[in-house]
Amino acid sequence: MTNNKDHNVPATTVHTPFQQTYFHGTKADLRIGDLITVGFNSNYGQRKNARYIFLSATLDAAVWGAELAFGEGRERIYLVEPTGPIEDDPDLTDRKFPGNPTKSYRSAHPFKIVGEVTIWQGHPPEQVKAMKDGLAKLLEQGINSLNDQ
């Protein structure tokens, strides 16, 4: 093995104990070790049985997920690990934020819950209302989610 002359570090790949953190915002009451799976009603679009589940590498996107989720339960943000491949969420990356600055992804494979973020701050109520009104307007106009197709 050769050494990097500048830093005296082996020239092989250096592994760290850190991996990408992913978040999932919802109103579902789940426990560490549970799997989040496809097949439940979507929180968006036409609320069809979801073919995908969603996660984000940013806490802000997960906060939106929790705030916009249907249901009466408490808003929750879970730390999750994907169990299979993930891909960019086309509703955001193709339509609103090219290049995926929100770091929003989807998968047909389950996510394992490994923790919960219990202290976080939501968006101002008027901002949440404006977002919900905007989603309702898209639905009224027949503009479907790419995830419903």
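The values are calculated or read from the model by the stated rules, or taken from the named source; none is laboratory data. All figures in this text were calculated on a predicted structure; none of them were measured in a lab. Heads up, the Cβs are rebuilt from the backbone with ideal geometry, glycines too, and the neighbour counts pull from every protein chain shown.
Structure notes:
- Of all the numbered requirements in (1) at pLDDT 80 or above; (2) closer than 22 Å to Gln19 by Cβ; (3) not acidic (Asp, Glu), His123 misses one, and that requirement is (2).
- The set of residues from the range 50-88 being part of a loop (DSSP other than H, G, I, E, B) and acidic (Asp, Glu) comprises Glu72, Glu75.
- Evaluation of Lys132 against (1) touching a helix residue (DSSP H, G or I) at 6+ places or on another chain (Cβ under 8 Å); (2) loosely packed, with under 15 Cβ neighbours inside 10 Å; (3) modelled with pLDDT under 90; (4) within 17 Å of His24 (Cβ to Cβ) (one fails), failing number: (4)
- Residue check for Ala69: at pLDDT 90 or above and either of a type in the set (A, V, I, L, M, F, W, C) or crowded, with 16+ Cβ neighbours inside 10 Å (or both): no
- Qualifying residue in the range 26-46 (condition: outside any loop (DSSP other than H, G, I, E, B), at pLDDT below 95, surrounded by 11 or more Cβ atoms within 10 Å (Cβ to Cβ) and under 12 Å from the mean Cα position of the chain (by Cα)): yes
- Subset of the range 109-129 [loosely packed, with under 15 Cβ neighbours inside 10 Å and of a type in the set (A, V, I, L, M, F, W, C)]: Val114, Ile119
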